[in-house]
1. Do the alpha carbons of any pairs in Lys247/Lys504; Lys433/Lys548; Lys247/Lys539; Lys504/Lys548 sit beyond 22 Å of each other, and which pairs?
2. Give me the percent relative contact order of region 336-439, please, defined on Cα pairs under 8 angstrom at least 6 residues apart.
3. Go through region 464-476 residue by residue and turn each phi into a ³J(HN,Hα) via Karplus (6.51, -1.76, 1.60, θ = phi - 60°); whole Hz please, and just put x for glycine and proline.
4. Determine the distance separating the Cα centre of region 466-492 from the Cα centre of region 349-366; give it in Å without decimals.
5. Among the GluC sites (Glu not before Pro) in region 420-522, which ones are in a DSSP loop with at most 15 other Cβ atoms within 10 Å of the Cβ? Mind listing them?
6. Quick one: work out the % antiparallel among DSSP beta bridges in the chain, nearest 5.
7. Tell me which of Leu320, Tyr334, Phe137 sits at the most positive position along the dipole axis of the chain, charges placed on C-beta atoms (Lys, Arg +1; Asp, Glu -1).
8. Considering only DSSP states other than H, G, I, E and B, which GluC sites (Glu not before Pro) in region 370-409 qualify as loop sites with at most 11 other Cβ atoms within 10 Å?
Amino acid sequence: MPNLVVIQLTPGVMTDNLERSLAQGGNHPWAFNKFLQAMAAIENDVYVAFVYPTRPDGKPVGRDSAYPPDSVIHRVVLGKVAVGQQEVAAPFFEGFPFEFRFTLEADETYDPPLNLDDSSEFLNERIDSLGMDSAKFVDVLSYGRSSKVGYFFDGDARLTPWMKETGYIPSDGVKRTGPTPKSGPSTSTPPLTANTPLADAASEFAAAVADSGLVFAGINEQLPRAFLAGVVAKRFVLLTGLSGSGKTQIARSLGQWLGSDGDGARHLVVPVRADWTTPDQLLGFEDALLPMRQGKRAWSVPPALVFMLRAHRSPNDLFLLVLDEMNLAHVERYFADVLSGMESGEPILPNLDYIDEHWYPSDGQPMLVPLPRNLLVVGTVNVDETTYQFSPKVLDRSFSFEFRVDTDELDESLGQLTATSSGEADAVAAIAKVAMDADWQLQNPMTNQEALEELLLELHRHLSEIGLEFGHRSYREAVRMAAVLEGCGVSGEETIIDIVVMTKVLPRIHGSRRQLEPFLKWLHETAIGSEPTGFEPAKPLYPLVARKTQRMLASLVANQYAGFAE
């Protein structure tokens, strides 16, 4: 019986890459950025089908636990593996070294698109003795989301990314233990890398975001993975940029993806008000107007404190607090205690119990406890005449992501945003494990960490000349962010460095033209990748940094001043 691999295409880069592959003469290449154990089964004479499915309304099919039964297939590219999966020194797709090559058997586009029954019949007609019914085809599609692959071996669909030597998952979805089936992936292949569970979780989150209708393309394509890496690396992230560009929605999406428990959702969105002048709106206060109990005063407890106490009492689950429009009030006035507590680990959270319809200090327990490590905080930021700027000490303690929308990203076909589906328990647990492990990057460093360190030292030397250098904390957090980005599946040394500099170094930069212009010109040339001859490559070395420094230089000329927020 023939064996089949199915790869689900998504609009944008994956579809473009397939066109590049088909335009290549001879055997056509396809590749992955990481080696998953089961991918060793992509060997000679295995069939490979690239499919482009959508929902009937045209929305991409995401990573819901159940594959939409009314999905339709717009295109099927069928090939036969000619050169099995292997690592190559000069990959066809930059940053994707685990490559296989296939000969083209068929390339069919359908208008109207095929339903799933007709799609499976198409494959049966093209592949002798395949014998795959529609239900099994749905299973394979379910397992073949995004850049991962689904298998059809000896009449069974297999779940590839989580397939281990000790077990496999056939089409009924029930995990089997024992040796891997002989017709399946080789048991002699290398084990899954330490980063694979994190990469799979990041893929699931990115696909869930896209499935909710929140689409990032072009230069922003990696934003969902990068944002997830930011909150995992630091636990405090700022989202700044254009109003309506997706800041609050992606934060809300992460919260929805984290799921819920018996007390409700594990995320809370708190709108910041302009009259917040003390930490009381986050940490509460003793209220003399409420009744006492056993000599203890009751507390006035805002929703944010109730939420943080939930996180304190459920230390194995991640909780996300979103402070919406965080700079409508002076951030340092209401957030300084929380920010200090996150950095120092000192007890700052009132330890309260809900008794007789009021909140009282816990009996026999310390009055204050540290902020839990499983608490993530995201602040959204709009910059206009009604808001306040962040001080350098706040920016220095966060990763800042800028949201901008390019003209070619505007698409009238995008519909109303929907709720993001909850993540699989294993995926959420993988994220939690890294977020709560402050030393994770020491065992899982970025592949070429030396390149990042070299650039950070060069940045520090230049910033020292204008009095804007960073300290040990920023350096350590930049190194951790790079490791987590790579663990989340962000591929390419330049891409990782680009995101780290954009989110950790540039947000601190602000000042006059006289102070900043020489530095920004140097950094812009570095980001472009200019040669000493003045030659500029077609694509910047660091696209995010190149675009941002260009805007900051333009602001210097127009206003004689520039900063990250605009």
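1. Details: Lys247/Lys504 18 Å; Lys433/Lys548 33 Å; Lys247/Lys539 27 Å; Lys504/Lys548 13 Å.
Beyond 22 Å: Lys433/Lys548; Lys247/Lys539.
2. Details: 54 pairs, mean separation 21.5, N = 104.
Averaging sequence separation for qualifying contacts and normalising by length gives 21 percent for region 336-439.
3. In residue order, the calculated couplings are 4, 5, 10, x, 10, 5, 9, x, 4, 4, 4, 5, 4 Hz.
4. 39
5. Glu465, Glu469
6. Numbers: 53 of 78 bridges.
DSSP beta bridges in the chain are roughly 70 percent antiparallel.
7. Tyr334
8. Values: sites: Glu385, Glu402, Glu409; in loops: Glu385.
Sparse-neighbourhood loop GluC sites (Glu not before Pro): Glu385.
Taken together, the values in this text are just the output of simple stated rules run on the coordinates, not laboratory data. Quantities reported herein were computed from a predicted structural model and do not represent experimental measurements. Glycine gets a Cβ as well: all are built from the backbone with ideal geometry, and neighbour counts include every protein chain shown.
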